[in-house]
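See below for the structure under consideration.
The values are calculated or read from the model by the stated rules, or taken from the named source; none is laboratory data. Owing to the predicted nature of the structure, the values given are computational and were not obtained by experimental measurement. Please note: Cβ atoms are built from the backbone with ideal geometry, for glycine as well, and neighbour counts cover all protein chains shown. Remember, those area values only see protein heavy atoms, side chains included, never the ligands or the DNA or RNA. Shrake-Rupley method; radii C 1.70, N 1.55, O 1.52, S 1.80 Å.
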Amino acid sequence: MTHFAYPWAFAALLLPFVVWYILPAAKGLHGDALRVPFLKDLARINLKSGSIWGGMSSDNVKLTSPLWLGTYLVYALLITALARPQWAGEPVRIHNFSRDILLVMDISTSMEEPDFVLNNRPVSRLNAVKKVAGEFIDKRGEDRIGLVLFGTRAYLQAPITFDKAAVKQILYAMQAGMAGNSTAIGDALGLALKSLKDADNPDEKIIILLTDGENNDGSVTVPQAVKLAKEAGVKIYTIGVGSDGGDFASFFGLRMGGGVDDSSLKQIAAETDGTYFRAKNTASLQKVYEAIDKLEPTENEDSFVQEIRELYYIPLLAALGLAALLALLNRRAGNV
């Protein structure tokens, strides 16, 4: 469907007629100061010289003359371009409500424990998390996603963005131990809250915290982080990852980290209106993200958008082409 963005611009089409009938006719460049009897004879000679305009004097230019009509057509095309003709496509329903979701992932060395199973093969907790979290990201529709990785220190690896492919690429590239061996949950939540604040999105903000340990490092305590989250109105879902075996021994019999601090994770979720989940294996981890997906739906289809294509260049090019043609014809006629 074609329409004009500024249809009121067509009122300017009447301007030449207003000027023609209201303003007095010009008497010439030199007025009546010098009268030369043979000028009328020169004008008649010009008429007979073959000019397509029928003479260029103001007395000869009429509203029906080719010169006036051609010039007015150029003017009309310019006014049409000024009115901005546009083509509008069919309205498309879109989601008009989005969320900022920040995934806060524990990548301490304890996440290397191979107590999960994928395709009937044992895999580490981290590899299971990568797969399930990647599927969760794909389902988020119009939501923006960010990624914070933490161990001894917390790092913002992917700021809040609509580019889910980039977030997944960073997610799949993370390795256990990259951020240190200990677990600084408080620092990770503090960094996540700051990132959400900087994002400045008026819609809902959510943190999904996943860890297999307890807060044993960092400068921010869990209660401090919870207080900041409550003040910011950020909802935190917490996920404890790991089997019921608790502590695991490495190949050499060394302890790789403490068990999940269920009480702290429950407290974080409860005080921020979130939910605590326990993921003991790959299947339960998948159910956790499915549950969060249901708790935080993306469907809200109350808005529509239309594709708009500007067409002003068509009458503009036509005006320029016609003006060039008129000038060429007038020059040829004058040289006859």
**Message:** Under 5 Å between amide hydrogens, which residues at least 5 positions from residue 277 or on another chain qualify, with H placed 1.01 Å from N in the peptide plane?
**Reply:** 238, 239, 240
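Which order do 231, 90 take when ranked by solvent-accessible area (1.4 Å probe, heavy atoms of all protein chains), largest first? Before the final figure, lay out the partial values.
On the way: 231 130, 90 150 Å².
Result of the area sort, largest leading: 90, 231.
Using a 1.4 Å probe on the protein heavy atoms, what percent of the accessible area of segment 105-208 belongs to carbon and sulfur? Please report the intermediate quantities before stating the final value.
Working: 2110 of 4360 Å².
So the carbon and sulfur contribution to the accessible surface is 48 percent.
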**Fill in**
When the charge dipole of segment 64-152 is computed with +1 on Lys and Arg Cβ and -1 on Asp and Glu Cβ about the Cα centre, the Cα farthest towards its positive end, among 124, 137, 76, belongs to 76
**Fill in**
With x for Gly and Pro, the residue-by-residue ³J(HN,Hα) of segment 227-233, computed from phi through the Karplus equation 6.51 cos²θ - 1.76 cosθ + 1.60 at θ = phi - 60° and given in whole Hz, is 4, 4, 5, 5, 5, 7, x
**Item:** residue 161 long-range amide H proximity, modeled H, under 5 Å
**Value:** 145, 146
**Item:** Solvent accessible area, Å² - residue 1, 1.4 Å probe, full protein context
**Value:** 140
**Asked** How much of residue 230 can a 1.4 Å solvent probe reach, expressed as accessible area in Å² and rounded to 10?
**Response** 110
**Asked** Which sequence of 293, 273 reflects their accessible areas, 1.4 Å probe, from the largest down?
**Response** 273, 293
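Working from the alpha-carbon coordinates of segment 70-174, get Rg over Rh, Rh being the Kirkwood radius. It would help to have the intermediate numbers written out before the result.
Numbers: Rg = 24.7 Å, Rh = 17.6 Å.
Ratio of gyration radius to Kirkwood radius for segment 70-174: 1.41.
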